[in-house]
1. Looking only at trypsin sites (Lys or Arg not before Pro) in DSSP loops with at most 10 other Cβ atoms within 10 Å, what is the longest site-free stretch of chain B?
2. If I take every Cα pair under 8 Å that is 6 or more residues apart in region A:121-163, average their sequence separation and divide by the length, what percent do I get for the relative contact order?
3. Quick one: grab the alpha carbon gyration tensor of region A:137-190, order the square roots of its eigenvalues as a ≥ b ≥ c, and give me rounded if a/c is under 1.5, else prolate or oblate depending on whether a/b is larger than b/c.
4. Between the alpha-carbon centers of region A:202-221 and region A:53-96, tell me the distance in whole angstrom.
5. Calculate, for residue A:132 and residue A:202, the FRET efficiency according to 1/(1 + (r/R0)^6) with r their C-beta to C-beta distance and R0 30 Å; round to the nearest 0.05.
6. Counting pairs of alpha carbon atoms under 8 Å apart in space and at least six apart in sequence, what relative contact order in percent does region A:208-295 give?
7. Evaluate E = 1/(1 + (r/R0)^6) for residue B:29 and residue B:315, where r is the Cβ-Cβ distance and R0 equals 22 Å; express this FRET efficiency to the nearest 0.05.
8. Using only Cα atoms, tell me the angle between helix A:256-266 and the longest principal axis of chain A; keep it within 0 to 90° and round to the nearest 10.
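Readers should treat all values here as calculations from the given coordinates under stated rules, not as data from a laboratory. Predicted model only: the values in this text are computed from it and were never measured. Every residue, glycine as well, gets a Cβ built from its backbone with ideal geometry; the counts of neighbours run over all protein chains shown.
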There are 2 protein chains.
Amino acid sequence: MKIAVDAWGGDYAPVEILKGIKNAVFNDLELIVIGSKQKLSPLYSELNMNEDLFPIEDTPQVIEMKEHPAEAIRKKPQSTIVRGVQLLAQKKIDAFISAGNSGALMAAAWFGLQRIADIERPAIATLIPNVDSSTVLLDVGANVDCKPKQLLHFGVMGAEYAKAALNIERPRVGLLTIGEEEGKGNELVKSAYQYFKNRCDFLNFEFIGNVEGHDIIDGKADVVVCDGFTGNALLKFGEGLLEFINNMLFLHIVDEELRKRLKEVWKRFDRSEIGGAPLLGVEGICMVCHGKSRARDLTSAIFRAKDLVEQKMAERIRDGLSHLNCIQ
Amino acid sequence: MKIAVDAWGGDYAPVEILKGIKNAVFNDLELIVIGSKQKLSPLYSELNMNEDLFPIEDTPQVIEMKEHPAEAIRKKPQSTIVRGVQLLAQKKIDAFISAGNSGALMAAAWFGLQRIADIERPAIATLIPNVDSSTVLLDVGANVDCKPKQLLHFGVMGAEYAKAALNIERPRVGLLTIGEEEGKGNELVKSAYQYFKNRCDFLNFEFIGNVEGHDIIDGKADVVVCDGFTGNALLKFGEGLLEFINNMLFLHIVDEELRKRLKEVWKRFDRSEIGGAPLLGVEGICMVCHGKSRARDLTSAIFRAKDLVEQKMAERIRDGLSHLNCIQ
């Protein structure tokens, strides 16, 4: 299996990215590093990395975090992100991981990768810690304005991700809204509800109806579906809240023993345990990592990607959708 | 000043509500209790409350939490929520507070209260703890589908709330979206951005452009504006997350001293410190409290309402809007 990683993606690139790659060495896993060979060589020496073990895909350009996605991928065809997606499209690699400009990654994937079956819009799925295990939340940012049918597709894809990543046989999928009863929510959710309800005999999951924001945490659903605007706002709000609480707790608690204990408890919210968010709905595994990813996040993301390749995510999704071919 | 409280609103009504009212006795503040006199009398004896000090507005019906809002207010004209709103509309009281069915409270206010100037949609504003103090977030549930102009009005109302509740002279108001740059976000936000931008010389606040979910926490903005669907999902997600963390911390940390210290730190997230969320845009102060409100929440809500009456919120909003009369 071949997994390529964008060496120049994220705030702590390239050193933390390289360290993360180095720590992911595993059996016959081939790890390809995408970036400028000239710039990578001295770092390879410094980190005791070997080009035989970690071949470099020499790619001179880098899309910066602040660049406009669509423009950037047009202007920089030799960038790490565009190259990674190309390799994936050409099936030269099985998975591509980047902690760089996520908009650019999505745009490149959007134009460069084949979509699965009749998926109109790929979606980014992430795992949110809940009281029992984790909840799959999608979309968290690939699509700002969605159509009802697209939410149904997100449900299908999210369910397959829950099966693969959380080992759940028949995931419970809920629609994020305000108020639990049928008929509650905005126009999008009300229409989407009917799509789910009318097809519940053909679904690859159990549709549990509407869920609310707190249900993402209380473990009521295995998968929560929403538009990418809401999902992204929620995810970033949660991140901000966790960071605030974390800082506050450790600011006020100086006792070493207690800090150790707290850290143990806090692990549950460690982003690096989650390891990146796949863009579902395209052929090949394309993983989006947080811009603040450190070595450990990258290592987790590589293993997550490896797992999804082994689990044949694209085939799973195609299969999940095949039951729904009645949908117009 | 007269403030009326719905004695039968919320999961812990009526006892916790009554205790909260009892603890809010203050100078010339007149506290009116809305509920069935027959049922309240024995509780008054039990809690050592006096009808001279806490007059009862005898109201036999109660709207349950699960009832359909619009139907319920039509079917139960003698309910505590409908009566409270009526008293407010008739200017017999200055503020009305309920922890009951919030949808019914909004519907009753929607039909029963006069709207301020050209406000099309009232919005619920809440305070979210941030690293420095608090951020005003609105709308958190009154409007599931919004128009761009309505978001501008939310900005005006939120700014006045920040001035009154947080004592900020010229609040920084941001539009919640994905990506900070102009032109990022869904169709609603992109249009709303232009409304804000084109009128920034006439605003009662500083428009700081787009903000993201984490900015609600990091104190970048004093007011964050969003549609009520996103705001509600966010708020409930945050509540779920806080409850989860709280339970987890206290489950794993048994040391008495550390628990005490943690509780001290955790106070920052205590809902009862916030004290209810006003419905802005209507004449009179109408406060929505959490369905799980306890005595302390109610007491805080009463003082928050008292403060907003003194600060003449409706006049402030009318004034903030008057600068914008160019808007169509």
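1. In chain B, the maximal stretch lacking such sites is B:92-328.
2. 37
3. oblate
4. One Cα centre to the other: 36 Å.
5. FRET efficiency, residue A:132 to residue A:202: 0.60.
6. RCO, region A:208-295: 13 percent.
7. After rounding to 0.05, the efficiency reads 0.60.
8. In chain A, helix A:256-266 runs at an angle near 50 degrees to the longest axis.
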